[in-house]
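J.: Sending over a structure as structure tokens; questions will come in a sec.
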Amino acid sequence: MGWPSLLGQRARDFGRLRREEYDVLVVGGGATGAGTALEAASRGLRTALVERHDFASGTSSRSTKLVHGGVRYLEQAVRHADRSQFHLVREALRERALLLANAPHLARALALLTPIYGALELPYYFTGLKLYDILAGRANLKPSRLIGRDQAVKRFPMLRHEGLRGAVEYHDGQFDDARMNVALALTAAREGAVVLNYAEVTELTKRAGRVIGAVVRGSLPGDPGPVEVAARVVVNATGPFADGLRRIDDPSTPEILETSSGVHIVLPARFSPPDTGLLIPKTEDGRVLFLLPWLGHTLVGTTDNPAPVQEDPRASEEDVAYILRHVREYFDLPVERSDVLSTWSGLRPLVRPDAIASLEGEVATHPSARPAAEGGPKATARLSRDHTILVSPTGLVTITGGKWTTYRRMAEDTIAVAVHQASLAPTKESVTSHLKLVGADEFQDDGGARLVNGFGLPADVAAHLSAAYGDRAEVVARLASAGLRERLAPGLPYLEAEVVYARDHEYAHSAADVLERRLRLGFLDTRAAAAAQERVQALLQTRAP
Ligand code: FAD
């Protein structure tokens, strides 16, 4: 398989940006922007995608990694008898199935247990999760079921035994968010889009009060100066920063977002069985918390607190203590601060319904304008996770809100709005519901057996390469065989070969791009990532063998 190298591609892409006129210029390379670029390019529209840092460096690498309809939103739907929330859960469950089918190497079904300690909890959670199955319909992964106390303890031995009555088992999807984001960018490029990270939109260009493109500045050594890009539609997919670009467009426009931070911690593998997650159904502030096996570790989160928009939000000690407190409450296994291998925080771009109401003429899609933003510190927990599309009087299209699981649907809606408002002429209807992402076409889920047999790789490395790269894993294995076979961290499956592959085939430019978003080591274990940094840096400067 000769996958095209991206070396030299950047200069060519900047050349194209300057020369060509685009139907759609997407600003922001998170899940929403990369998904939107893929939707546009795969409909035959001339498309460019620019991201000012790395793909997924914003919220899209900092999620809980669940591909889900949202059991919590279902609970809210039931409590408030809210039909629009039911609709959102059902739509997300449909998208869950599509995401799992289109990127089967990066996403898979995961069993989750909801432990039951009170007699009344049992019918409540069982009925709720059965409703989740019903809403999923044919897209359901596996029927939810009740399991007895003994089986619950066997499945999740770390659970607090005292008072445990049993558990409800249900299924959702789980994925590698940052790798999925990179796969979306790569697939958009495969479909013809110009795709650039480290390229920021600093100005919008206008004629007669209408947006006709943007000024893009590359920030890597060797990049040209600012480039004026002509585009019939500019899509603002900048997530928590969406108000920033809207204000570049019109300094007097009201802010529409309220951001809230969500913190996760990572614990060693021993805190979860490898194949089952835990839903802690009620936290002290009336939310839910997940404890999930993820890439050979245990991920726990999340919190939900109002927070200002900032580039690199950090987890506070207070948030870490909050999460540990809940783990201790549900676990017999002692857990200490020193067990925490890594923490991170992400910002949710939540749309304020009151702001939306004031912009009614600009709203193209906001299927559920209802959920109220009542006052109080936890008000963000009740804001809509729904997506909103706005068309400014200048023609700037803003897509924001939503969630990872529904990125494809958000993208489809956004491009439909763009097509309508600029009278674009796509050559096709939307195809993304069945479009396999890069890595998925020839993927065979053999757990890496072919790589063990073909390249003599250790089983853990082979399984990791297969899950991370899908049908491209052999290319990485070949690089390993050519002399890049050492592990980057003792006991972990990451190989030197992956650094060179990330640089040459996945738009990685810095050690952080590689360690945090291509390999995920920076998210799993901060110390191990710091120890590997120098080697990664050196590998980024070598030539491919
Ligand atoms: P981002 O990922 O933040 O992307 C926006 C990008 O725009 C950034 O990369 C930024 O650098 C770039 N940008 C900004 N300004 C410019 C500019 N001027 N020029 C160029 N680029 C620019 N959803 C799920 O489905 N499942 C989950 O389990 C889940 N868990 C979550 C947990 C937490 C804690 C949070 C916060 C969210 C979670 N979500 C989940 C929601 C999901 O992660 C987000 O909805 C999604 O990642 C938002 O993606 P985005 O592309 O809109 O924003």
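The values are calculated or read from the model by the stated rules, or taken from the named source; none is laboratory data. Because the structure is predicted, anything quoted here is derived from the model rather than measured. Every residue, glycine among them, receives a Cβ derived from its backbone with ideal geometry; neighbour counts consider all protein chains shown. For accessibility, only protein heavy atoms count, side chains too; no ligands or nucleic acids. Shrake-Rupley method; radii C 1.70, N 1.55, O 1.52, S 1.80 Å.
J.: (1) within 11 Å of the ligand (Cβ to nearest atom); (2) in contact with a His (Cβ under 6 Å, 6 or more places away or on another chain): which one isn't true of A109, the others all being true?
T.: The failed condition is (1).
J.: Sticking with this structure for a sec: Would you confirm, using the coordinates I've provided, whether I356 is at pLDDT below 95, buried (at least 18 other Cβ atoms within 10 Å of the Cβ) and in a helix (DSSP H, G or I)? Steps first, answer last, please.
T.: On the way: at pLDDT below 95: yes; buried (at least 18 other Cβ atoms within 10 Å of the Cβ): yes; in a helix (DSSP H, G or I): yes.
Judged against the criteria, I356 is a match.
J.: State which residue is nearest to M180 (Cα to Cα) when the search covers only the range 448-488 and only residues that are open to solvent by 20 Å² or more (accessible area, probe 1.4 Å) and within 23 Å of the chain's Cα centre (by Cα).
T.: Of everything passing the filter in the range 448-488, A467 is nearest to M180 (Cα to Cα).
J.: Another question about this same structure. If A111 meets every condition in (1) surrounded by fewer than 23 Cβ atoms within 10 Å (Cβ to Cβ); (2) part of a helix (DSSP H, G or I); (3) of a type outside the set (S, T, N, Q) apart from one, which number is that one?
T.: (2)
J.: Further, regarding this structure: For the range 270-285, indicate whether the set of residues that are without any contact (Cβ under 8 Å) to a residue 24 or more places away in the chain, touching a Ser or Thr at 6+ places or on another chain (Cβ under 6 Å) and open to solvent by 60 Å² or more (accessible area, probe 1.4 Å) is non-empty.
T.: Looking only at the range 270-285, we keep the residues that are without any contact (Cβ under 8 Å) to a residue 24 or more places away in the chain, and these are 274, 282.
Restricting the remaining residues to those that are touching a Ser or Thr at 6+ places or on another chain (Cβ under 6 Å) gives none.
Among the residues of the range 270-285, not one is without any contact (Cβ under 8 Å) to a residue 24 or more places away in the chain, touching a Ser or Thr at 6+ places or on another chain (Cβ under 6 Å) and open to solvent by 60 Å² or more (accessible area, probe 1.4 Å), which makes the answer no.
J.: Tell me yes or no: at least one residue of the range 415-422 is within 12 Å of the ligand (Cβ to nearest atom), surrounded by 24 or more Cβ atoms within 10 Å (Cβ to Cβ) and in contact (Cβ under 8 Å) with a residue 24 or more places away in the chain.
T.: Step one: of the range 415-422, the residues within 12 Å of the ligand (Cβ to nearest atom) are none.
The answer is no; no qualifying residue exists.
J.: OK, next. Which numbered condition trips up I256, out of (1) open to solvent by less than 60 Å² (accessible area, probe 1.4 Å); (2) at pLDDT 95 or above; (3) among the hydrophobic types (A, V, I, L, M, F, W, C)?
T.: Status for I256: all satisfied but (2).
J.: Take the range 295-313 and flag every residue that is within 11 Å of the ligand (Cβ to nearest atom) and either surrounded by 21 or more Cβ atoms within 10 Å (Cβ to Cβ) or outside any strand (DSSP E or B) (or both).
T.: Within the range 295-313, L299, G301, T302, T303, D304, A307, V309, E311, D312, P313 qualify.
J.: Taking the condition of being open to solvent by 60 Å² or more (accessible area, probe 1.4 Å), of a type in the set (V, I, T) and over 27 Å from the mean Cα position of the chain (by Cα), how many residues in the range 125-155 meet it?
T.: Qualifying residue count for the region: 1.
J.: Among the residues of the range 198-208, is any open to solvent by 20 Å² or more (accessible area, probe 1.4 Å), within 14 Å of the ligand (Cβ to nearest atom), under 30 Å from D504 (Cα atoms) and of a type in the set (G, A, S)?
T.: Checking the range 198-208: not a single residue is open to solvent by 20 Å² or more (accessible area, probe 1.4 Å), within 14 Å of the ligand (Cβ to nearest atom), under 30 Å from D504 (Cα atoms) and of a type in the set (G, A, S).
J.: For the range 36-59, how many residues are assigned to a helix (DSSP H, G or I) and more than 8 Å from the ligand (Cβ to nearest atom)?
T.: First pass over the range 36-59, keeping only residues assigned to a helix (DSSP H, G or I): 36-42, 59.
In the following step, the residues that additionally are more than 8 Å from the ligand (Cβ to nearest atom) were identified as 36-42.
The qualifying residues number 7.
J.: While we're here: Looking only at the range 209-229, which residues are in a strand (DSSP E or B) and open to solvent by 40 Å² or more (accessible area, probe 1.4 Å)? Reasoning before the result, please.
T.: From the range 209-229, those in a strand (DSSP E or B) are 210-218, 227-229; that's our starting set.
Correct list: R210, I212, R217, E228.
J.: Kindly indicate whether any position in the range 77-90 is out of contact with any Leu (no Cβ under 9 Å at 6 or more places or on another chain), on the phi < 0 side of the Ramachandran plot, within 12 Å of the ligand (Cβ to nearest atom) and open to solvent by 10 Å² or more (accessible area, probe 1.4 Å).
T.: Within the range 77-90, one or more residues are out of contact with any Leu (no Cβ under 9 Å at 6 or more places or on another chain), on the phi < 0 side of the Ramachandran plot, within 12 Å of the ligand (Cβ to nearest atom) and open to solvent by 10 Å² or more (accessible area, probe 1.4 Å).
J.: Before we move on, is Q174 open to solvent by 40 Å² or more (accessible area, probe 1.4 Å) and of a type in the set (S, T, N, Q)?
T.: On the way: open to solvent by 40 Å² or more (accessible area, probe 1.4 Å): no; of a type in the set (S, T, N, Q): yes.
In short, no.
J.: A56: within 26 Å of the chain's Cα centre (by Cα) and under 30 Å from E200 (Cα atoms), yes or no? Spell out how you get there, then give the answer.
T.: Details: within 26 Å of the chain's Cα centre (by Cα): yes; under 30 Å from E200 (Cα atoms): yes.
In short, yes.
J.: Which residue out of T394, T432 is open to solvent by less than 40 Å² (accessible area, probe 1.4 Å), within 30 Å of E360 (Cα to Cα) and touching a strand residue (DSSP E or B) at 6+ places or on another chain (Cβ under 9 Å)?
T.: Numbers: T432 fails: touching a strand residue (DSSP E or B) at 6+ places or on another chain (Cβ under 9 Å).
The match here is T394.
J.: Test each condition in (1) modelled with pLDDT of 95 or more; (2) within 15 Å of the ligand (Cβ to nearest atom); (3) open to solvent by less than 30 Å² (accessible area, probe 1.4 Å) for R62 and report the one that comes out false.
T.: Going through (1) modelled with pLDDT of 95 or more; (2) within 15 Å of the ligand (Cβ to nearest atom); (3) open to solvent by less than 30 Å² (accessible area, probe 1.4 Å) one by one, R62 breaks only (3).
J.: May I ask you to list the residues in the range 259-268 that are more than 11 Å from the ligand (Cβ to nearest atom) and either in contact with a strand residue (DSSP E or B) (Cβ under 6 Å, 6 or more places away or on another chain) or open to solvent by less than 10 Å² (accessible area, probe 1.4 Å) (or both)? Walk me through it before giving the result.
T.: From the range 259-268, those more than 11 Å from the ligand (Cβ to nearest atom) are 265-268; that's our starting set.
Listed by number, the residues that qualify are I265, V266, L267.
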